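Below: the structure, in structure tokens.
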Amino acid sequence: MVEQLQLSTFSSQPILGIMLTLVCYYFGIKLQQKTKSVIANPMLIATIMIIILLKIFKIPLNAYKVGGEILSFLVGPATVALAVPMCKQIEKFKDNMPAILFGTFIGALTGIVSSAGLALITKVSDSVFLSLLPKSVTTPIAMALAEKIGGIPALAAAVVAIAGITGALIGPEILHICGVQSEIAKGIAMGSASHALGTTRALQESELQGAMSSISIALVGTTTAIIAPILVAFFR
């Protein structure tokens, strides 16, 4: 009885979600370093491990979220920190501003249209449809936007994670197959499609590519936050 009470008390503390996430993510980093494979993405590995451990030890999701939400809050400051490489490449941004602005606008529009198309094809409910629209922006913006337009914030966050992981895994390879050579274009594409996780991969490719990807996060997020509510209001 005492052991059950102690376990219940521990599971209700933020430390559970924080430590479980950090340990699983650390394991993912080590696995990627050992295998040298982009498929062993730390975010993907950590997510799978957390799900398995929660199931094995029968830990309630709400108990994990007590600490997990603290880490989710830190996504915002972490995204802002991506401005550091952007500042280092500010001259490149000034020299290529028209192309960057046009590219991020098309990227934001493509993200919204592709989400809408997928939702129409699969005939999902309105709430799921509205949750899919901000899939190509960073998590804090996606959750806030989904809530504003009538979607499900938690589902929006999950879709954003899937888009980010997918882009981080295969984004550079797809760009190579498509014959994209410009580091600026690659960075814009990665940031527009896969936000912070894509930017992390872009930084591994080059500092310039990472900087352009960082710029895309802000521009695509702002553009999507403006366009999505207008489109939703127009078609309602």
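Compute the angle between helix 183-205 and the longest alpha-carbon principal axis of the chain, please, reported from 0 to 90 degrees and rounded to the nearest 10.
10 degrees
Neighbouring Cβ atoms within 10 Å as the yardstick, rank 207, 91, 183 fewest first.
Values: 207 14, 91 8, 183 19.
Least to most surrounded, the residues fall as 91, 207, 183.
Using only the alpha carbons, work out the radius of gyration and Dmax of region 95-196 in angstrom.
My reading of the Cα-based Rg and Dmax gives 14.1, 44 Å.
What's the ranking of 58-68, 165-175 by average number of surrounding C-beta atoms within 10 Å, highest first?
Ranked from most to least packed, the peptides come out as 165-175, 58-68.
Per residue, how big is the convex hull around the C-alpha atoms of the chain? Give it to me in cubic angstrom, could you? If you can, show how the numbers build up before the last one.
Values: hull volume 32.9 nm³, N = 236.
Hull volume over Cα atoms, normalised by residue count, gives 139 Å³.
Summing -39500 (n - 2.57) over the DSSP H runs of n ≥ 4 in the chain and dividing by its residue number, what mean residue ellipticity at 222 nm do you reach, to the nearest 500 deg cm²/dmol? Display every interim value, and only then the final one.
Details: 13 runs with 200 residues, N = 236.
Computed ellipticity for the chain at 222 nm equals -28000 deg cm²/dmol.
Below 8 Å, C-alpha to C-alpha, sequence gap of six or more: please give me the relative contact order for the chain in percent.
Values: 319 pairs, mean separation 43.6, N = 236.
Here the relative contact order equals 18 percent.
Helix 14-35 versus the longest principal axis of the chain: what angle, 0 to 90°, nearest 10, using Cα atoms?
In the chain, helix 14-35 runs at an angle near 60 degrees to the longest axis.
If each Cα of region 27-144 is one equal point scatterer, what is log10 of I(q)/I(0) from the Debye formula at q = 0.09, 0.13 Å⁻¹?
These q points yield log10 I(q)/I(0) values of -0.42, -0.87.
Please arrange 22, 132, 155 by counting, for each residue, the other beta carbons lying within 10 Å of its beta carbon, fewest first. Present the calculation step by step, with values, prior to reporting the outcome.
Details: 22 13, 132 25, 155 17.
Fewest-to-most Cβ neighbours within 10 Å comes out as 22, 155, 132.
Rounded to whole Å, give me the distance from the Cα center of region 15-90 to that of region 129-206.
After rounding, the separation between the Cα centres reads 16 Å.
If you line up the long axis of helix 61-73 against the longest principal axis of the chain, both from Cα atoms, how many degrees apart are they, to the nearest 10?
40 degrees
Every read-out reported here was derived from the displayed coordinates using simple, explicitly stated rules and does not represent laboratory data. Worth saying up front: this structure is predicted, and the values here are computed from it rather than measured. With ideal geometry, Cβ positions are generated from the backbone for all residues, glycine too; neighbour counts draw on all protein chains shown.
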